[in-house]
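Below is one structure, written out as structure tokens; the observations come after it.
The values are calculated or read from the model by the stated rules, or taken from the named source; none is laboratory data. In this text the structure is predicted, and so the values were computed from the model without any measurement. Don't worry about glycine lacking a Cβ; one is built from the backbone with ideal geometry, like all the others, and counts go over all protein chains shown.
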Amino acid sequence: MTDRQPLVAANWKMNGARASVAALLGGLRQGLLENGAEVLVCPAFIHIPLAAELLAGSSIGLGAQTLAEYGNGAYTGEISAAMLNDYGCRYVIIGHSERRHILGETDATVARKFRQAQEHGLQVILCLGERLEEREAGITEQVLSEQLDAVINVAGTDCFHGAVIAYEPVWAIGTGRTATPEQAQAAHSFIRLQVARHDDCVAAALRIVYGGSVKADNAAALFAMADVDGGLIGGASLNIDDFLAICRVAR
Ligand code: 13P
């Protein structure tokens, strides 16, 4: 038993248009009953102002999918932590595997973004996860601890205070191939233990959510595991009925 509040976060990735964002948020506001789980949406940058407007006065949180590793200045095309704050974003996803593996973010970039977000009071959702070949080679734990250490070395040992970690095995993202509840639990408890090596209290309070093909029909088994504190949902978060069903499970 823990008193960690479950978190269900929608990562809409590069999807949506003004009309579909409005429809999803309208459906969410209408369908979401206060149920003890924290619910959060992370739209594309360009939809953040609209989402902020449509979520005003609701308990649904708003987050971004990444941010610049620098403060405001001459960085053409980037979006800073200060800008996200200005639009009411409380959270930011950092180190998503699509950014690491498709867009070339290194552990060092991820660590600098983490520090930038924390310096501006944003709550970080740090994504970690191994690729299929790494799991098959038996080095999942090594990959996870390297990804964690890269952040700790730059942001300090107490950096996970108030943060969220998302365990997202790369082979489960968008593939329909979910980690089993036991595989998720093993990775989550390993991550918690690694954090506990630096600070027991931070580790005990740390929310570790699972991401990778979470659907309405597998969420209950995943969320029932002792160290799984909710989910980071991709594809299923774009369908209001599926996402609401997952939110209900998290209560
Ligand atoms: P899917 O739920 O589409 O597998 O995506 C998971 C994810 O990447 C969330 O960040």
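Tabulated results
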read-out	value
Matching residues, segment 236-251, being crowded, with 18+ Cβ neighbours inside 10 Å and either on the phi > 0 side of the Ramachandran plot or out of contact with any helix residue (DSSP H, G or I) (no Cβ under 8 Å at 6 or more places or on another chain) (or both)	247
First in segment 160-175 and touching a residue at least 60 places away in the same chain (Cβ under 8 Å), second anywhere and more than 12 Å from the ligand (Cβ to nearest atom) and outside any loop (DSSP other than H, G, I, E, B), Cβ under 6 Å, 6 or more apart	164/207
Looking only at segment 206-245, and only at residues there that are near the ligand (Cβ under 10 Å from one of its atoms) and among the aliphatic types (A, V, I, L, M), the one that is farthest from residue 4 (Cα to Cα)	238
Which numbered condition residue 159 fails, given (1) at pLDDT 95 or above; (2) closer than 27 Å to residue 200 by Cα; (3) not aliphatic (A, V, I, L, M)	(1)
Wholly enclosed helices (runs of 4 or more DSSP H) of segment 155-251 bearing at least 1 residues aromatic (Phe, Trp, Tyr)	181-196, 219-223, 240-250
Boolean, residue 66 is assigned to a loop (DSSP other than H, G, I, E, B), modelled with pLDDT of 95 or more, buried (at least 17 other Cβ atoms within 10 Å of the Cβ) and of a type in the set (Val, Ile, Thr)	yes
Residue ID - nearest to the ligand (Cβ to nearest atom), chosen from residues in segment 191-205 that are β-branched (Val, Ile, Thr) and free of Cβ contacts under 8 Å to residues at least 60 places away in the same chain	195
Of all residues in segment 40-54 being among the aliphatic types (A, V, I, L, M) and surrounded by fewer than 19 Cβ atoms within 10 Å (Cβ to Cβ), the one that is nearest to residue 243 (Cα to Cα)	44
Cβ pairs under 8 Å, 6+ apart, first in segment 206-235 and of a type in the set (D, E, K, R), second within 12 Å of the ligand (Cβ to nearest atom) and part of a helix (DSSP H, G or I)	215/236; 215/242; 215/246
